[in-house]
Amino acid sequence: AMLTTFGCLKPEESSKSTSPTSPASPKVYTVNGGPAIGDLAPEIEGVDLDGVAFKLSDYRGKVVMLDFYGDWWPPCRAMYDEERSLVSEMEKAGKPFALIGVNVNDELGHIQNVVKEKDLNWRSFFAGTDPTIPESYQIEGYPTVVIIDAEGVVRSAAHGPQNDWIEHLLDEME
């Protein structure tokens, strides 16, 4: 398989799990009070880590892995190598895919340094001083990954990535 599944699910979150109809996926849940599986993903408008404005809908037409993360939390940092590889693989293969981060660190300078030091090759909204982005998705823990299809519909939400969903949705587009 092209993709490796990685991530974490906290035991206290497992009671929220439901099973999607396709593909088989580990511990997927609808974010409590946030967008339900099958709903249009709420728009996100904000600035990236360089202060440049952008919107989630700018990526319509691509499968999006929306990653809510904080560098202060080890399970989030543990995903960096796999995420960097995933982005590189998808770019190399010319796949219509984007990993978009939502960073919740308090210090912009800190995460800017991390991006350089760790060579994080994806764009992130900076939400450290603006909790409205994670609140719009009712994020309860980090990392939380939401998979959005090319039409902007939420297909999966879980702690950690859902690589089987990414593969499935990219296959649907071919």
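Numbers for the structure displayed
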quantity: Local electrostatic count, D106, Cβ distance below 12 Å [Lys/Arg +1, Asp/Glu -1]; calculated: -3
quantity: Heavy-atom surface of the range 20-174, accessible at 1.4 Å and reported per residue (Å²); calculated: 44 Å²
quantity: Neighbour net charge for P131 - beta-carbon separation under 14 angstrom, K R +1, D E -1; calculated: -4
quantity: Net length gained if the chain between T129 and S57 were fully extended (0.36 nm per residue, minus Cα distance); calculated: 23.7 nm
quantity: Length added when fully stretched, H110-W72, from 0.36 nm per residue minus Cα-Cα; calculated: 12.7 nm
quantity: The range 75-174 - charge dipole about Cα centre, Lys and Arg +1 at Cβ, Asp and Glu -1, debye rounded to 20; calculated: 300 debye
quantity: Mean separation of Cα contacts under 8 Å (6+ apart) over length of the range 101-174, as relative contact order %; calculated: 22 percent
quantity: Among beta bridges that DSSP assigns inside the range 91-174, antiparallel share in %, nearest 5; calculated: 50 percent
quantity: Solvent-accessible surface (1.4 angstrom probe) belonging to E91, in square angstrom, nearest 10; calculated: 130 Å²
quantity: Nearest-0.05 FRET efficiency for M173 and E117, computed from C-beta distance (R0 35 Å); calculated: 0.55
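The values are calculated or read from the model by the stated rules, or taken from the named source; none is laboratory data. Just so you know, these numbers come straight off a predicted model, no measurement behind them. Every residue, glycine among them, receives a Cβ derived from its backbone with ideal geometry; neighbour counts consider all protein chains shown. Ligands, DNA and RNA are excluded from the accessible area calculation, which covers all protein heavy atoms including side chains. Shrake-Rupley method; radii C 1.70, N 1.55, O 1.52, S 1.80 Å.
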